Amino acid sequence: MKNIVKIVFLATSLLTTTACSDFLDQTAPSEQSGENVFESTFFTELAVNKLYGQMTQDATYSRDIPIILGTNSDCELVDGLGTDTGNTTHERGAMNYNVSPGWSKLANVWDAMYTIIENANLIVEGLDNSSLLTAGGNDQRAMERFKGEALTIRAMAYFDLIRLFGDIPYKSESSNPDLSNVYIGKSDRDIIMEELIKDLETATTLLPWAGEVSSYTTERVTKGYAHSLLANIALTRAGWGIREKSKAGYVTANLYSDPAYPTQRCDDATRTKMYELALKHLAAVIDNGTHQLNPSFANEWYLINQRQLDETYRENIFEIPMGLGVSGELGYTVGVRINGSSTLYGEQGNSSGKLKVTAPYFWSFREGDQRRDITCCNLQLKTESNVLKEKMLGNTPFAIYCGKWDIRQMNEEWRQVAIATGKAKWMSGINCVRMRYPQVLLMYAEVLNELANGPDGSYTGASTSIPTARKALEEVHLRAYADADKAAAKSYIDAITEKDAFFNAVVDENAWELAGEGFRKFDLIRWNLLSGKIKQFKSDYETQLYSSTDSYPEKVYFNYTDDTRTSIDINSVTWHGIPSGKTTGDYQDSNNFWGKERTDNKGQTQYTINLLSISSGLVGNDVPVINRYLLPIASTTISASNGMLHNSYGFSD
């Protein structure tokens, strides 16, 4: 039956099999009644496992939310340029903020996310009515953990819908058989977030820390994720957002605010309350010590590509488990590009790599920052004369691949699946990480800088192990540098003295650490920096391109790691010119690069045209609504809502 959210759900479907990680066994007799399910810890766990299975769909966390819907920002782009930017029913136009309510992906995401919510509602209700929840002993503790998981996953799903659509329908009970509570209108997102915060406060008392119970790895929701998700929601509640109408008592932004649909945030007292709440929960994660920074940024991403959990540092606080060959487009739709078949990776000759990063972002990294060449991949794997080679990209300043997901680092098990897949699209099985410990540290630095009125101030409730904002930022920044470069990196942090300058440093660090992972855009939104930062990136590009003293190189020189010239030594590339004491003769190869502007057949500069098309629906010359970063509700969803839903922000129904 089609309805407002398409979430009518039979209790027996709790036990439907869905492929996911090995531990997520979801097989059980389909005839089990809902009442029986929640009088058994075994069947209840199967019901909870179904939530994880539903998070492996393309329309949820296998592809759309982490990859497609997290763009565009000041450093991440979907590869829609030129005429593609006007395609309002495809991600290449839609994620340039030119989107039609007729885009089918909108309904797919909406339906899939509300299905997760409906299933979580059923689980919470079933647990609340279960005799095992008050039975004492191991059964009670198990049922409490399951309830904590359901509450947290429901909060995550609602929070992501809010960040995508704004005000949305909200209900925390399951659907009635007569659908009397299904056809409902929108609720104010601030009210929803306050309810989610309450649920997560409950969840933090029910869940274990990762590793505290053997089956609760970082592939399951744990206490650390409930704490950090709560903090993220509190900061979003405190932050800026475009509104369907002006709200009394709220502060209206001076920049990027539409007359009809203003960008506003809550009053100062509520904002401080939310910051204090975030501080409390972030400090809980930091002081507990279960989650830490892996000393090596490169090793952390190697483990992710290997599909191997980091049981030593647990930097990834929660990662949604995907299934090799079944789910997960990380590495395919984003990652190092492969363009050609090979004996190493099979007949699959083309990964899409739709999410890109940009030249100004590449240029923004400080010297020695090891994150740059991991995040920004200026090469692709391409078959030439039946040999797969690493080839430099050339003059593509808006189409640098995000190398965090790297086909070259995937293990033999993955390679065998890729070879067997043939020419079909392959699913990497790489987990979708929803919170990393660096995010906790950066949120903590942001919050404490605000509450303590500067990077070195103290505040009641701060972490005992990291008492200042500066120390938190320093941990993230210094991790990115080799030992020989850490002193220079620390001097950069030490030189920041003022509160506003420190906040700007947190904003920069957020980009250097998290680009490509689907979080940057939403942080910029709550800071009301999205439009401004995109404009700044465009201005930076033009300045860098035409600078007479520090322009992009027109040609780069480099060496290979072997005599076959199939693998580039990325450390040899002359990004900043040929080093003193060397000549072009010291390099095996060269490549035309960003610095040489090109023209099309009409004599227009190619990249000036492309620059205008990037995020044109948000920062173009004739945008219909200022700061309209939200998606519209799908036309099909509205037509099925019995008149309860409508679009806003200038979108048609």
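The values are calculated or read from the model by the stated rules, or taken from the named source; none is laboratory data. Not measured: the values here are computed from a predicted model. Because the Cβ atoms are built from the backbone with ideal geometry, glycine has one as well, and the counts that use them run over all protein chains shown.
Just to check your reading of the model, which residue among Ser172, Ser104 is surrounded by fewer than 16 Cβ atoms within 10 Å (Cβ to Cβ) and either at negative phi or not assigned by TED's automatic domain parsing to the domain that holds Ser62 (or both)?
After applying the criteria, what remains is Ser104.
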Give the range 320-332 a look and list any residue that's closer than 14 Å to Asp406 by Cβ and not in a strand (DSSP E or B), or say none. Gly331, Tyr332
Quick one: is Asn510 of a type in the set (S, T, N, Q), in contact with a Gly (Cβ under 9 Å, 6 or more places away or on another chain) and closer than 30 Å to Ile67 by Cβ? no
Number of the condition not met by Ser40 [criteria: (1) at pLDDT below 95; (2) out of contact with any Pro (no Cβ under 9 Å at 6 or more places or on another chain); (3) among the hydroxyl-bearing types (Ser, Thr, Tyr); (4) farther than 24 Å from Leu630 by Cβ]: (1)
Enumeration of residues in the range 182-219 that are assigned to a loop (DSSP other than H, G, I, E, B) and either among the hydrophobic types (A, V, I, L, M, F, W, C) or under 30 Å from Tyr629 (Cα atoms) (or both): Val182, Tyr183, Ile184, Gly185, Lys186, Asp188, Leu207, Trp209
Against the definition (of a type in the set (Gly, Ala, Ser), exposed (fewer than 15 other Cβ atoms within 10 Å of the Cβ) and either more than 21 Å from the chain's Cα centre (by Cα) or at pLDDT 95 or above (or both)), how does Ser180 come out, yes or no? yes
Is the range 414-433 home to any residue that is modelled with pLDDT of 90 or more, assigned by TED's automatic domain parsing to the domain that holds Thr358 and charged (D, E, K, R)? no
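Residues in the range 327-350 that are closer than 22 Å to Gly70 by Cα and either more than 22 Å from the chain's Cα centre (by Cα) or among the aliphatic types (A, V, I, L, M) (or both): how many?
3
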How many residues are more than 20 Å from Gly70 (Cα to Cα) and crowded, with 20+ Cβ neighbours inside 10 Å when one looks only at the range 603-637? 2
Sort out which residues of the range 337-364 are in a helix (DSSP H, G or I), farther than 19 Å from Val78 by Cα and not small (Gly, Ala, Ser), and write them in order of number. Trp363
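For the range 51-105, which residues satisfy the criterion of being aromatic (Phe, Trp, Tyr) and closer than 25 Å to Ile116 by Cα?
So the first thing to find is which residues in the range 51-105 are aromatic (Phe, Trp, Tyr), and the list is 52, 61, 97, 103.
The answer is Tyr52, Tyr61, Trp103.
If the requirement is being closer than 30 Å to Leu106 by Cα and outside any loop (DSSP other than H, G, I, E, B), which of these qualifies: Asn571, Asn621, Asn610, Asn642?
Step by step, each of Asn571, Asn621, Asn610, Asn642 is checked, and only Asn610 is closer than 30 Å to Leu106 by Cα and outside any loop (DSSP other than H, G, I, E, B).
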In the range 469-495, how many residues are surrounded by fewer than 20 Cβ atoms within 10 Å (Cβ to Cβ) and more than 18 Å from Gln292 (Cβ to Cβ)? 12
Please indicate, with yes or no, whether at least one residue in the range 365-385 is among the hydrophobic types (A, V, I, L, M, F, W, C), in a helix (DSSP H, G or I) and modelled with pLDDT of 90 or more. yes
Here are some residues: Leu122, Leu151, Leu161. Which one is assigned by TED's automatic domain parsing to the domain that holds Tyr52, more than 21 Å from Lys223 (Cα to Cα), under 23 Å from the mean Cα position of the chain (by Cα) and of a type in the set (A, V, I, L, M)? Leu161
